[in-house]
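Since the structure comes first, as structure tokens, the remarks are kept for the end.
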Amino acid sequence: MKQLLLAPFLLILASGLIAQTPAGAPQPVHLIDRQLALSGMFSDETTQSFIGLDAGDKIILNCWRLSKKGNASISIKDLNRENEIYKRDGFDTLRNETILVPTKGIYVVSLKTGSLLGKDVRLAVDRIPGAHPADKTIPRPLYDTSSVEVLNTTIRAYSRNSPQSSNTVLKINLPPNTTYWTYWIGAGKDAREKMKDFVASCSSIGNLFPSNPLVLYGMKMIPVLPMTTSGASISYHFMDTRNTTAFTSKQQYSSYMFKSSEKITTEYSFIHNNQADLNLGISNESSGMAQDVEVRVVAFIVNPK
């Protein structure tokens, strides 16, 4: 039944976009077209999607309620500068809202509902590239930065009461020409689900920026990565291979001094070094249950142009 009701609206949406893009004009780039479930007012949660935009772009915003009653609120904000370029509260339908983009960057589209119960909405965002004549007054970058995903895995860290060691080790193979690297560690279901949702939010960024959250963070395109607190508790240390056996056997060992943490659930950082012999030692501090720990590492290579 919903599909039948949506069909006329989709035709209106398509005709509206065609009308706004005459022959020879830049064609719309589809960034978002998805159904979203908004939590009710007692959860105070927002549903977020990230989009990459350039100065002078226009975005065409369409959003409509799929539930029978209720309303939604939406805002679009520059993620780094935090300036809001669009906001609308208490709507049930938005059709072909056109918004001019003032500066290049990653923007967050946030939706929530003031209704008692959660609501389903359909969100569609299209980007119309602007015309950008070359500005000779802007200096060209002196360096070129590329990235390599080194690690993206989940390991099981056993509890202190387990017959298996609660200490485990991951090998990190940084490229020889690494300038710096960034990592994210999350222990337990809540942390891993939060990163999964964050990755999904970044999938709509488009082709102006990378969509890997660690790449975005390492290149200072986004200010933060997901954090959470829960019953999961781990400690971690970076060490060379010679010390990994002592670590897993719970004997005395040495670790690098540049970064470590005790009893955390999630943590991230970026490190300005290139350690040729690098391992990550993880200890489960829980006495009750094993924890699945997700580890992501991205290396960055900076070369002069």
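The values are calculated or read from the model by the stated rules, or taken from the named source; none is laboratory data. All figures in this text were calculated on a predicted structure; none of them were measured in a lab. For neighbour counting, all protein chains shown are included, and Cβ atoms are generated from backbone atoms with ideal geometry for every residue, glycine included.
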Kindly provide the set of residues from segment 75-103 that are in a loop (DSSP other than H, G, I, E, B) and either in contact with a Cys (Cβ under 7 Å, 6 or more places away or on another chain) or surrounded by fewer than 17 Cβ atoms within 10 Å (Cβ to Cβ) (or both), ordered by number.
-> 80, 81, 82, 83, 92, 102, 103
Filter pass, residue 160 being surrounded by 12 or more Cβ atoms within 10 Å (Cβ to Cβ), in contact with a strand residue (DSSP E or B) (Cβ under 8 Å, 6 or more places away or on another chain) and at pLDDT below 85 | yes
Segment 199-213 - residue that is touching a residue at least 60 places away in the same chain (Cβ under 8 Å) and among the hydrophobic types (A, V, I, L, M, F, W, C) and, of those, farthest from residue 227 (Cα to Cα) = 208
Mind counting the residues in segment 214-231 that are crowded, with 21+ Cβ neighbours inside 10 Å and either in contact (Cβ under 8 Å) with a residue 60 or more places away in the chain or under 22 Å from residue 57 (Cβ atoms) (or both)?
-> 5
Residue 235 vs. criteria part of a strand (DSSP E or B), assigned by TED's automatic domain parsing to the domain that holds residue 218, loosely packed, with under 15 Cβ neighbours inside 10 Å and within 29 Å of the chain's Cα centre (by Cα) = no
From the residues in segment 247-305 that are in a loop (DSSP other than H, G, I, E, B) and under 26 Å from the mean Cα position of the chain (by Cα), which one is farthest from residue 144 (Cα to Cα)?
-> 265
Out of (1) modelled with pLDDT of 95 or more; (2) farther than 30 Å from residue 165 by Cα; (3) among the hydrophobic types (A, V, I, L, M, F, W, C), the one residue 221 does not meet is (1)
Number of the exception - residue 120 against (1) under 21 Å from residue 31 (Cα atoms); (2) modelled with pLDDT of 90 or more; (3) of a type in the set (D, E, K, R) = (2)
For segment 177-189, does any single residue satisfy the condition of being charged (D, E, K, R) and more than 18 Å from the chain's Cα centre (by Cα)?
-> no
Scanning for something hydroxyl-bearing (Ser, Thr, Tyr) and under 30 Å from residue 78 (Cα atoms), does segment 229-250 turn up at least one residue?
-> yes
